[in-house]
Structure formats: C-alpha cells, structure tokens
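J.: Starting off with a structure, shown below.
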Amino acid sequence: YGLGPNGGIVTSLNLFATRFDQAIKFIEKKQHDYKYVLFDTPGQIEVFTWSASGSIITDSLASSCPTVIVYVMDTSRCVSPITFMSNMLYACSILYKSRLPFVLVMNKVDIVSHDFAVEWMTNFESFQEAVEEEGSYMSNLTSSMNLVLDEFYNNLKTVGVSAVTGEGLDEFFAAVDSAREEYLTQYKPEYDKLVEKKSQLRSEEKHGELQKLKQDLQNTDVVQMKSQPITPSNISESTMRKRPHVTFADDDDVEEATTSADQEDEMPYEDESFKRFLSHTGT
C-alpha cells in the first residue's frame, strides 16, 4: 500500500486496536491457566507510546487486569553516557505517559555488566566524570538532564538480565510482582476515582443538555403562540362580545352602498308623482 515502515506498523496497530476487545476476552478466559501475559509492543516510541492506538491498548489492559510496563534497553549500547541518557529520557517519557508501574530491564548483561549504569543512576559524580571524559558538545546538556532525572532514578525498579543465559530472570519476576502490588495499591484506586469522576461529568453533561433541550422547547412554544394568527377558533366567546364588529369594504362596495341609499331616498318622490299621473288620467 506504499505506507512505508512506520506507516505500515501504525496501520497494523490501528487495525489491531479495533479488535483488541477479543484479546481482552482471551486473557480473561485463560487467566486461571497462566500467571503472566506478555505483550511485545513496537520499539519505536512514536509508533506505540505516543499514538492513539497505543494508548487504547494500554488503557484497555490497565482497566481489566494488573498491568506493568517493562522497558528493555540494550546494555551494550549504553556504555556511552550520552546514549545512556537518551535511553533514560525514553524511559521517563514512557513512565509519565502511561502512568503505570514501571520496570527498567537492562538486557545483554552477559556481554556487558549493568553495574556501570546502576552506578551512574545512584552516583551523580560518577556520571559527571564519564561525561567529561566523553568530551562531546552534548556534555553540558547531558549533565543538566542527569540532575533533572535524579527523582526518576530514586523510584525506578532496575534489573539486569540476559535473555541468552537466563541470568537475572528471578530478580526480574520479583520486580514484576512488586510492580503488580503497586498497581493494586496505588494505580487501581486512582483509576477507579478517575472512572467515577468521568462518569459523574458525563451525567452532569447529559443533565445540562436535557435542561437546555427543555428550555429550547419552551421557547419554541412561546414563539409559536406569539406568531399564531387571530381566528375565531382561538378567540373566546366573551372576547368576541367585547370586541366591536369592524367590516372592511373596497371602493366598489362603498359606491354600490351609496347608490342603493340614494335610490331608497328617491322612491317616495316617485310614488307621489305616479299617483298624480293616475289622478289626472282618471279625470
């Protein structure tokens, strides 16, 4: 269809979101058979995290079952402090966009240990030294961002794993279980309050629209009554008696009435003349 890589992924995601209720039903059907359900989402942050379909999928899951966001980063590609900071900004944006329990997973620890990353997150001076050694024009910005993310680091669950050797998987599932408890104790109550608030707002909007509709209907009735013509059907008998009778006539009617009146006035004179004529004829 000529959509391109990202366009094809977004279109597929949109189509998947329209049928995501089927995925929810499947999860509910299998909830007693499995402890965890894994959704592997597209890695592009623009495609999933900041798209409408991604939000629909995330919110649908969070409203039906305990949901945890797991951000997987390649440890071997984060040995540079600037690249590390870019990944942290990605993770921070996903956390505040989803507002769900969050676990940061540093994969490929079998290649490079994640100890340096943990040190950078807990020790600002250590990260500052690494930035100065980098000697890049981004050094000043990276140092400033590290200060901003200090609070983010303090509340972040971090685990190092290896998908090849299985190292750190026990710690990973322990972090997921801890995030699940966080969902039940912190997120779910807030979500229920949000749903109740939205429902209340919708009820108030419906009530306001209903009142507006009633007012519009009343105003329409008043306008119709004012514009209704006066006819015998809508005038009471007592009103008709009080009102004087007025008749309107055109010029022809007035002339005819005048001629008729004149003729009535001349009739007595014509009768007398006819009587004189008869009297003279008789004589």
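J.: Any chance you could look up the accessible area of ARG180 with a 1.4 Å probe, heavy atoms only, rounded to 10 Å²?
T.: For ARG180, solvent-accessible area is about 100 Å².
J.: Quote the Stokes-Einstein diffusion coefficient, in whole µm² s⁻¹, for segment 16-165, based on the Kirkwood radius over alpha carbon pairs, a temperature of 10 °C and a viscosity of 1.306 mPa s.
T.: Details: Rh = 17.1 Å.
In µm²/s, the coefficient rounds to 93.
J.: Check which residues have an amide H placed less than 5 Å from GLY160's amide H, if you skip close sequence neighbours.
T.: Sorted by chain and number, the residues that satisfy this are MET106.
J.: Right, here's the next one. Can you give the accessible area of SER55, probe radius 1.4 Å, in Å² rounded to 10?
T.: Answer for SER55: close to 30 Å² accessible.
J.: Please report, as a whole percent, how much of the solvent-accessible surface of segment 23-143 comes from carbon and sulfur atoms (probe radius 1.4 Å). Write out the running numbers ahead of the final one.
T.: Numbers: 3720 of 6990 Å².
In segment 23-143, the share of accessible area belonging to carbon and sulfur is 53 percent.
J.: Determine the order of LYS97, LYS29, LYS198 by accessible area, beginning with the largest, at a probe radius of 1.4 Å. Write out the running numbers ahead of the final one.
T.: Values: LYS97 75, LYS29 155, LYS198 110 Å².
Largest accessible area first, the list is LYS29, LYS198, LYS97.
J.: Follow-up. Please compute the length gained on full extension between SER203 and LYS30, using 0.36 nm multiplied by the number of residues separating them and subtracting their Cα-Cα distance. Provide the component values of the computation, followed by the final result.
T.: Details: separation 173, 0.36 × 173 = 62.28 nm, distance 3.52 nm.
So the chain would gain 58.8 nm between SER203 and LYS30.
J.: For segment 44-125, report the accessible area per residue in Å² (1.4 Å probe, heavy atoms, rounded to an integer). Intermediate results must be reported in sequence, preceding the final value.
T.: Values: 3720 Å² over 82 residues.
Per-residue value: 45 Å².
J.: Less than 12 Å Cβ to Cβ from VAL176, Lys/Arg counted +1 and Asp/Glu -1: what total charge do the surrounding residues give?
T.: Working: positive: LYS35, LYS157, ARG180; negative: ASP170, GLU171, ASP177, GLU181, GLU182.
Counting the neighbours of VAL176, the net charge comes to -2.
J.: Using only protein heavy atoms and a 1.4 Å probe, report how much of LYS157 is accessible, in Å² to the nearest 10.
T.: 50
J.: Taking segment 114-211, how much of its Cα-Cα pair set, in percent, is spaced more than 19 angstrom apart?
T.: Details: 3151 of 4753 pairs.
Of all Cα-Cα pairs in segment 114-211, 66 percent lie more than 19 Å apart.
J.: Next question. With 29 Å as the limit, write out which pairs from LYS157/LYS188; LYS25/LYS188; LYS25/LYS212; LYS35/LYS198 have Cα-Cα distances beyond it, or answer none.
T.: On the way: LYS157/LYS188 19 Å; LYS25/LYS188 20 Å; LYS25/LYS212 40 Å; LYS35/LYS198 31 Å.
Violating the 29 Å Cα-Cα cut-off are LYS25/LYS212; LYS35/LYS198.
J.: How many angstrom separate the Cα center of segment 138-168 from the Cα center of segment 117-135?
T.: Measuring centre to centre over Cα atoms gives 11 Å.
J.: Give me the percent of Cα-Cα pairs in segment 30-92 that sit more than 14 Å apart, rounded to a whole number.
T.: On the way: 1304 of 1953 pairs.
The answer is 67 percent, as a whole percent.
J.: Multiply the residue gap between SER80 and GLN211 by 0.36 nm, knock off their C-alpha separation, and tell me the result in nm, one decimal place.
T.: Once the chain is fully extended between SER80 and GLN211, it gains 40.9 nm.
J.: If R₀ is 41 angstrom, what is the calculated FRET efficiency for the pair TYR191 and THR220, using the beta carbon separation as r and rounding to 0.05?
T.: Numbers: r = 43 Å, r/R0 = 1.05.
Calculated transfer efficiency: 0.40.
J.: Tally Lys and Arg at +1 and Asp and Glu at -1 over the other residues with C-beta under 12 Å from the C-beta of GLU125: what net charge comes out?
T.: Details: positive: none; negative: GLU119, GLU129, GLU132.
Computed value for this residue: -3.
The values are calculated or read from the model by the stated rules, or taken from the named source; none is laboratory data. This is a predicted model, so every value here is computed, not measured. Quick reminder, even Gly has a Cβ in these numbers, built from the backbone with ideal geometry, and neighbours come from all protein chains shown. All accessible areas refer to the heavy atoms of the entire protein, side chains included, with ligands and DNA or RNA removed. Shrake-Rupley method; radii C 1.70, N 1.55, O 1.52, S 1.80 Å.
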